[in-house]
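These notes are about the structure you will find just below.
What follows is calculated from the coordinates using simple rules that are stated; it is not laboratory data. This structure is a prediction, so every number in the text was calculated from the model and none was measured. Counting neighbours? That spans all protein chains shown, and the Cβs are built from the backbone with ideal geometry, glycine included.
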Amino acid sequence: MSVTRRTATNVLLDTALKNFYGAAEEMRLSEDLIAILGNSERRLEVSVPVEMDDGSIHVFKGYRVQHSTAIGPAKGGIRFHPDVDVDECEALAMLMTWKCSLAGIPYGGGKGGISCNPQVMSPKEKERMSRAFAARIAPIVGTWKDVPAPDVNTGGQEMVWFMDTISKMHGQVEPGIFTGKPISYWGSKGRTAATGYGVATCGLELLKVVGKDPKDIRVAIQGFGNVGQYTALTMEEAGAKVVAISNTRGVYYSPKGIDIKKALAYIEEHPRERLEGFTCDGCEKIDDIVSLDCDMFFPCALEGVVNAKNADQVKAKWIVEGANGPVTPEGDEILDKRGIIVVPDFLANSGGVIGSYFEWAQDLSGYFWPEDEYNKRLMHIMKGNFKLVWDYAQSKKIKMRRAAFMAAIQRVADVVRLRGVFL
Ligand code: GLU
């Protein structure tokens, strides 16, 4: 059967589909498998009515998309952001399928979110919204069905609200339905740092294979949330000079290097301001981080930041994608022609979901590991996966993104073939 290729108006979904079709065709995947994996199993849209603090009712839109449950329960985060829509969730859910497959963990891919601006909501409003959303998606999530986790603008607190709501609905504690929970409540030591730690590990492994010492490397990190912070900290600890960090309000640049521990302490002391007002030796505030003179660039914020308009201005030799989809396909092509190596998102930031897998495994057994055990296992998997993709890319003379896609798609396709069509 020949399959018509899906296209989408949503840039992220269109990119996800193009990346999938491109790799699938290069692998000569059968048209039947392309048809199955080019579509999502389930796209759920829910309304989320919330009583706001002023007494008015606001109905938010929420989503949960399960792209594939071929390998195991769908897995992937839930984000709170004004741009969230069902297509974006589908694109990110597809990415989760490849991420979990490449990571070698027993999950499929899912993603969800609520279209909202959490920055302007009170904690009570966010709690009511989180609980209403959890109740709405309750029929399709579960320890062996779909296991959500934090994503953009969500963290341990939201996971507790979700878990508590569903536990109350089920009349029993349900620790295995959400990961990324606080350590005090069924979470796991190591999970908070896991994504950034894994991103930095990929950066350091890359430096190893290209024969560079981290001490000679200048690093720029876009986004100073959970992923950016731990990436920065790990790179600094490895000896690299972090010359720039940024958030939505600006880029903080110092050619002398920024003391990351000081920046973290500043955020701790000024949680509302985030980095606003932060200063350091030689520090100046600049506008753009993408074109900054540095060796390794870590985009750890949102998607599409390196694109057709600015990819030719990138000065870094290496990009490690901490965020999901930070480089558009057009941007990717330009970077590739310029010889800039990109470690793709679903390899680089897979530390988060691998860490989630550890948390889930601990929740299921009710036995918790010490942090060094967690980090040792995470490091081992990340290094192994980096090597697999690097060696595959070298042997086939293709870029790392294509190699990662091909390895990831292969595993899912093998399981779909094994199980047959009636999934
Ligand atoms: N939101 C993270 C990601 O995009 C974590 C997902 C998870 O742990 O399920 O990989």
Check your understanding: Just how large is the dipole of the chain about the Cα centre, in debye to the nearest 20, putting +1 at every Lys and Arg Cβ and -1 at every Asp and Glu Cβ?
Key -> 960
Exercise for review: With no solvent and one equal point scatterer per Cα, compute the Debye intensity ratio I(q)/I(0) for the chain at 0.10, 0.12, 0.13, 0.14 Å⁻¹ and report its log10, rounded to two decimals.
Suggested key: -0.66, -0.97, -1.15, -1.34
Review point. What is the fewest-to-most order of His170, His58 by other Cβ atoms lying within 10 Å of their Cβ?
Key: His170, His58
Exercise for review: Show which aspartates and glutamates lie in cross-link reach of Lys261 when reach means a straight Cα distance below 14 angstrom and same-chain residues fewer than eight apart are skipped.
Suggested key: Glu236, Glu237, Glu269, Asp281
Point to revise | Dipole of the range 67-191, positive end: most advanced residue of Trp98, Thr179, Phe133 [Cβ charges, Cα centre] | key: Thr179
Study note, to complete from the structure: Rounded to whole angstrom, the alpha-carbon centroid of the range 66-117 lies from that of the range 118-176 at a distance of 15
Check your understanding: Magnitude of the Cβ-charge dipole of the range 32-73, K/R +1 and D/E -1, about the Cα centre, nearest 20 debye?
Key -> 220
Review point. Among the trypsin sites (Lys or Arg not before Pro) within the range 213-291, which fall in a DSSP loop and have no more than 10 other Cβ atoms within 10 Å of their own Cβ?
Key: Arg272
**Study point:** When each of Lys208/Lys241; Lys208/Lys317; Lys309/Lys337; Lys317/Lys383 is checked by Cα-Cα distance, pairs over 18 Å
**Key:** Lys317/Lys383
Point to revise | Sequence-separation-based contact order of the chain, relative, with Cα cut under 8 Å and 6+ spacing, percent | key: 15
Check your understanding: Within the chain, which is the longest segment containing none of the GluC sites (Glu not before Pro) that sit in a DSSP loop and have at most 14 other Cβ atoms within 10 Å?
Key -> 1-272
Revision key, fill the gap. Per-residue ellipticity at 222 nm attributable to helices in the chain (runs of n ≥ 4 DSSP H, -39500 (n - 2.57) apiece, nearest 500 deg cm²/dmol) works out to -14000 deg cm²/dmol
Exercise for review: May I ask you to list the aspartates and glutamates whose Cα is less than 19 Å away from that of Lys168, ignoring any residue fewer than eight positions away on the same chain?
Suggested key: Glu127, Asp146, Glu158, Asp363
Exercise for review: Please order Cys280, Cys202 by the number of other Cβ within 10 Å, starting at the fewest.
Suggested key: Cys280, Cys202
Practice item. Could you tell me which chymotrypsin sites (Phe, Trp or Tyr not before Pro) in the range 99-195 are loop residues by DSSP with no more than 16 other beta carbons within 10 angstrom of their beta carbon? Key: Trp144, Tyr185
Check your understanding: Among Ile267, Tyr230, Gly420, whose Cα sits farthest toward the positive end of the charge dipole of the chain (+1 at Cβ of Lys/Arg, -1 at Cβ of Asp/Glu, about the Cα centre)?
Key -> Gly420
Check your understanding: Looking at the chain, which Cys residues are left with no other cysteine's beta carbon under 4.7 Å from theirs?
Key -> Cys89, Cys100, Cys116, Cys202, Cys294, Cys300
Exercise for review: Per residue of the range 18-29, in order, report the coupling 6.51 cos²θ - 1.76 cosθ + 1.60 (Karplus, θ = phi - 60°) as ³J(HN,Hα) in whole Hz, putting x for Gly and Pro.
Suggested key: 4, 4, 5, 4, x, 5, 4, 5, 5, 7, 6, 5
Exercise for review: May I ask you to sort Leu33, Leu378 by Cβ crowding, counting other Cβ atoms within 10 Å and putting the fewest first?
Suggested key: Leu33, Leu378
Practice item. Can you find, among Met400, Ala361, Pro344, the residue farthest towards the positive end of the dipole of the range 331-423? Put +1 on the C-beta of Lys and Arg, -1 on that of Asp and Glu. Key: Met400
Study note, to complete from the structure: Measuring from its Cα centre, the range 287-423 shows a charge dipole (+1 at each Lys and Arg Cβ, -1 at each Asp and Glu Cβ) which, in debye to the nearest 20, is 800
Check your understanding: In sequence order, what are the phi-derived ³J(HN,Hα) couplings for the range 32-48 according to the Karplus relation 6.51 cos²θ - 1.76 cosθ + 1.60 with θ = phi - 60°, rounded to whole Hz, with x for glycine and proline?
Key -> 5, 5, 4, 5, 5, 7, x, 10, 9, 5, 8, 10, 9, 10, 10, 9, 10
Exercise for review: Return the loop-located trypsin sites (Lys or Arg not before Pro) in the range 310-408 (DSSP other than H, G, I, E, B) with at most 10 other Cβ atoms within 10 Å of their own Cβ; answer none if there are none.
Suggested key: Lys397
**Study point:** Backbone N under 12 Å from the Ser47 label point (7 Å along Cα→Cβ), restricted to the range 56-91
**Key:** 58-62
Point to revise | Most mobile listed residue (Ile36, Ile289, Ile354) in the chain, GNM with C-alpha springs under 10 Å | key: Ile36
Practice item. Pull up the cross-link candidates among the lysines for Lys145, meaning alpha carbon to alpha carbon under 16 Å and not fewer than 8 places away within one chain. Key: Lys75, Lys111
Review point. For the chain, modelled as a Gaussian network with Cα springs under 10 Å, which listed residue fluctuates most, Ser56, Ser365, Ser130?
Key: Ser56
Check your understanding: Separation of the range 215-272 and the range 311-337 by C-alpha centroid, Å?
Key -> 20
